[in-house]
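Inspection log for the structure reproduced underneath, given as structure tokens.
Bear in mind these aren't lab numbers, they're just calculated from the coordinates by the rules spelled out. All figures in this text were calculated on a predicted structure; none of them were measured in a lab. Cβ placement follows ideal geometry from the backbone for every residue including glycine, while neighbour counts extend to all protein chains displayed.
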Amino acid sequence: MDSLSPSVQQRDGTMMRDLTWSHAEKVIAREAFRRALDREFRETITKTKEIDRQYDYRYSVLPLVFGNLVRRGRLRMEELSGLREDKLKAIRSYVRLFDDADAA
């Protein structure tokens, strides 16, 4: 339900646009709306922080990042073809390390 049309008819036949809201109901509705939106923002911020941690593009940690992405299925080893063997070996070792940690 991404977008609601104001002309949606309720089961009892009244149209949503015809509903009247008392001042008290408006206050309650606004607060409920604000709380829900705040929760959504907090969840989005948390996800963004997680993504930022997972996608760290510093060369010093890229093998670790790529190993994690391969393990999670976000990246395939074939997509890293062209990197030197020392880097591919490091990435594969991180994939195994993450797999072992998950198995423990």
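Taking every C-alpha pair closer than 8 Å and separated by at least 6 residues, the mean separation divided by the residue count of the chain gives a relative contact order of 17 percent. Just to be sure I understand: with springs between alpha-carbon atoms less than 10 Å apart, which residue in D38, D18, D86 has the highest mean-square fluctuation in the Gaussian network model of the chain? With Cα springs under 10 Å in the chain, the top fluctuation among D38, D18, D86 is at D18. Where a ≥ b ≥ c are the square roots of the eigenvalues of the C-alpha gyration tensor, would you call the stretch 56-104 rounded, which needs a/c under 1.5, or, failing that, prolate if a/b is larger than b/c, or oblate? Since a/c reaches 1.5 and a/b is larger than b/c, the shape of the stretch 56-104 is classed as prolate.
What are the trypsin sites (Lys or Arg not before Pro) within the stretch 31-72 that DSSP puts in a loop, where the Cβ has at most 13 other Cβ atoms within 10 Å? Please list the in-between numbers first.
Values: sites: R34, R35, R39, R42, K47, K49, R53, R58, R71, R72; in loops: R58, R72.
Answer by residue number: R58, R72.
Tell me the label-point distance for the pair D86, M15, using the 7 Å Cα-to-Cβ offset, in nm and rounded to one decimal. Those two pseudo-labels are separated by 7.3 nm.
What does the helix-only formula give at 222 nm for the chain: each DSSP H stretch with n ≥ 4 adding -39500 (n - 2.57), the total divided by the residues, and the result rounded to the nearest 500 deg cm²/dmol? It would help to have the intermediate numbers written out before the result.
Values: 3 runs with 61 residues, N = 104.
Theoretical 222 nm ellipticity from helices: -20000 deg cm²/dmol.
Counting only alpha carbon atoms, the long axis of helix 62-71 and the longest principal axis of the chain meet at about 70°.
A crude spin-label estimate for the pair R30 and Y55, with each label 7 Å from Cα along the Cβ direction, gives 3.7 nm. Across the alpha-carbon atoms of the chain, the computed radius of gyration and Dmax are 24.7, 70 angstrom. Build a GNM of the chain with springs between Cα atoms under 10 Å: which of L37, L83, L75 gets the top mean-square fluctuation? Result for the chain, Cα springs under 10 Å: L83 fluctuates most.
So if I place +1 on the C-beta of Lys and Arg and -1 on the C-beta of Asp and Glu, and nothing else carries charge, what would the dipole magnitude of the chain be about its Cα centre? I want it in debye, nearest 20. Walk me through the numbers before you get to the answer.
Working: 21 positive and 18 negative charges, 52 e Å.
Dipole size: approximately 240 debye.
A cut-off of 5 Å between modelled amide H atoms, ignoring neighbours fewer than 5 places along the same chain, links L75 with V70.
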